[in-house]
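Enquirer: Structure incoming, see below.
Rule-based calculations on the coordinates, nothing more; no lab input. Predicted, not measured: the structure shown is a model, and the values here were computed from it. FYI the Cβ positions are ideal-geometry reconstructions off the backbone, even for glycines, and counts take in every protein chain you see.
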Amino acid sequence: MNLNPLIERVANFTIGHPDERDCWMKAVAITGILEVGDAVSVAAVERWLSRAIETQRSSGNFSYGDTVQGVGAGHIQSFTPLASLTAGIGYPLLRRYQQTREASYLEAAGRQIEALMNAPRTSEGGIWARGEGPELWVDFTYIMCPFLALYGKLTNEQKYLDEAFKQYRLHVEHLVDPRKHLARHAWCETPDYYPQSTFWSRGNGWLICASVDLLDIAPEHPGAALVKSTCAAALDAIAPYQDASGYFCHVIDNPRSNLEASGTLMFAYATARAVELELVSASMIPQAVKALRAVAGAVEPSGKVPGVAVPPGGPGVPFDWTLFGQGFFLLAASALSAHFTA
């Protein structure tokens, strides 16, 4: 199996489907294409970024996802997006800023940062996942924290770096089971309960991917020690649940649940990066390669990556393809390219 044709097909399918409904799902696709794409693909996603800036709202929130959405699947019956969600596209915007030094990118990111800092919070300062809060979701470790950290690094403003690690810590304290070292999806402060408490693979994928990206941006931060220990423990806890096929099940510890592509790809990406960061042993690389190989074998001729549990995730949702699934395929393929052999 040769990864290069697959990468090209997945990238081409991705840029051919510029869904404007949810910018957070598009964000991972942009990040993946900026990592591996050719000039044509990068130019395409740069147009997506320009569109996000053009449609940035007076509130500072980016573009197309900033509306009330009816969901009606899984445990989420409604979802009112806040700055925590629209912040997702800020991270690839800043990555492109690093490549181009286009001032308008940093200015737009600054407006979104301020909206995020002013978003509703729990009593401890955790930024709500949705307007129906007060709730913390594990997804937002990835959607918010690398963006906050990278903005702080690029602007030399420590408060944003501190906020990134604070949000990570608060989400870990409420969502990671101290015995199993796995993350639950969502915690509600009032009333105090877990509206979705299973250990599902993509939920844990958000956590480990946020961890390696945070450590890549600011390994020197005092909060990095918690990120390192959390990531290493989560990867060690996730790894034994890998199915013989190479996939992980949608609910990690339920072998009767479906095999799920996005969580499998997130494990592959985060494991490869964690080995580079010396968080886990290189002996885990074969598992990461097996995970990527399993999903790669299912990629359709069009470049579509199937088998992704669609948002809001968790048990009971249908499976299809998503832009973030496409993006994590590209990121995993890039991270494992040196280890992937035919």
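Enquirer: At a Cα cut-off below 15 Å, give the aspartates and glutamates reachable from residue 304, other chains included and same-chain residues fewer than 8 away excluded.
Expert: The reachable aspartates and glutamates, counting only those whose Cα sits under 15 Å from residue 304, are 8, 19, 260, 320.
Enquirer: Would you look at the GNM of the chain, springs on alpha carbons closer than 10 Å, and say which of 158, 287, 112 moves the most?
Expert: Of 158, 287, 112, the Gaussian network model singles out 158 as fluctuating most.
Enquirer: Can you list residues from other chains, or at least 5 along the same chain, whose modelled amide H is less than 5 Å from the amide H of residue 245?
Expert: For residue 245, whose amide H was placed from the backbone, there are no distant partners under 5 Å.
Enquirer: Here's a follow-up. Give me 53, 238 sorted ascending by neighbouring Cβ count inside 10 Å, so fewest comes first.
Expert: Taking fewest neighbouring Cβ atoms as first place, the list is 53, 238.
Enquirer: With a cut-off of 11 Å, note down the residues of segment 4-26 whose backbone N falls inside the zone around a label point 7 Å from the Cα of residue 38 toward its beta carbon.
Expert: 5, 8-9, 12
Enquirer: How high is the relative contact order of segment 3-336? Use alpha-carbon pairs under 8 Å, at least six apart in sequence, and give a whole percent.
Expert: Numbers: 637 pairs, mean separation 64.9, N = 334.
So the answer I get is 19 percent.
Enquirer: A follow-up question, please. Counting other C-beta atoms within 10 Å, which of 1, 144, 117 has the fewest, and how do the rest follow? Write down the numbers at each step before the final one.
Expert: On the way: 1 11, 144 27, 117 15.
Taking fewest neighbouring Cβ atoms as first place, the list is 1, 117, 144.
Enquirer: Taking 0.36 nm per residue of sequence separation and subtracting the Cα-Cα distance, how much length would be gained by fully extending the chain between residue 338 and residue 320, in nm to one decimal? List each step's numbers first, then the result.
Expert: Working: separation 18, 0.36 × 18 = 6.48 nm, distance 2.92 nm.
Length gained between residue 338 and residue 320: 3.6 nm.
Enquirer: Okay, next question. Filter 228/290; 26/153; 166/228 down to the pairs with a C-alpha to C-alpha distance above 21 Å, please. Walk me through the numbers before you get to the answer.
Expert: Details: 228/290 24 Å; 26/153 24 Å; 166/228 14 Å.
Beyond 21 Å: 228/290; 26/153.
Enquirer: I'd like to know how segment 3-336 sits against the 2.2 N^0.38 Å rule of thumb: what's its Cα Rg over that expected value? Please list the in-between numbers first.
Expert: Working: Rg = 18.0 Å, N = 334, 2.2 N^0.38 = 20.0 Å.
Normalised by 2.2 N^0.38 Å, the Cα Rg of segment 3-336 equals 0.90.
Enquirer: How much length, in nm to one decimal, is gained on full extension between residue 124 and residue 216, taken as 0.36 nm per residue of separation minus their Cα-Cα distance?
Expert: On the way: separation 92, 0.36 × 92 = 33.12 nm, distance 2.66 nm.
Contour length minus Cα-Cα distance gives 30.5 nm.
Enquirer: Quick one: what Rg and Dmax do you get for segment 153-254 from the alpha carbons, in Å?
Expert: Rg then Dmax for segment 153-254, in Å: 14.7, 46.
Enquirer: Which of the trypsin sites (Lys or Arg not before Pro) found in segment 1-50 are loop residues per DSSP with 13 or fewer other Cβ atoms within 10 Å of their Cβ?
Expert: On the way: sites: 9, 21, 26, 47; in loops: 21.
Here the sparse-neighbourhood loop sites are 21.
Enquirer: Residue 173 versus residue 4, label points 7 Å from Cα toward the beta carbon: distance in nm?
Expert: Computed distance between label sites residue 173 and residue 4 equals 5.0 nm.
Enquirer: Next up: Return the FRET efficiency for the residue pair residue 17, residue 103: r is the Cβ-Cβ distance, R0 is 35 Å, and the value is rounded to the nearest 0.05.
Expert: Efficiency for this residue pair is about 0.70.
Enquirer: Another one. Picking from 185, 301, 146, whose Cα lies most toward the positive end of the charge dipole for segment 3-336 (charges on Cβ: Lys, Arg +1; Asp, Glu -1)?
Expert: 301
Enquirer: For the pair residue 243 and residue 193, how long in nm is the line joining their label points, each one 7 Å along Cα→Cβ?
Expert: Going by the 7 Å Cα→Cβ label model, 3.1 nm.
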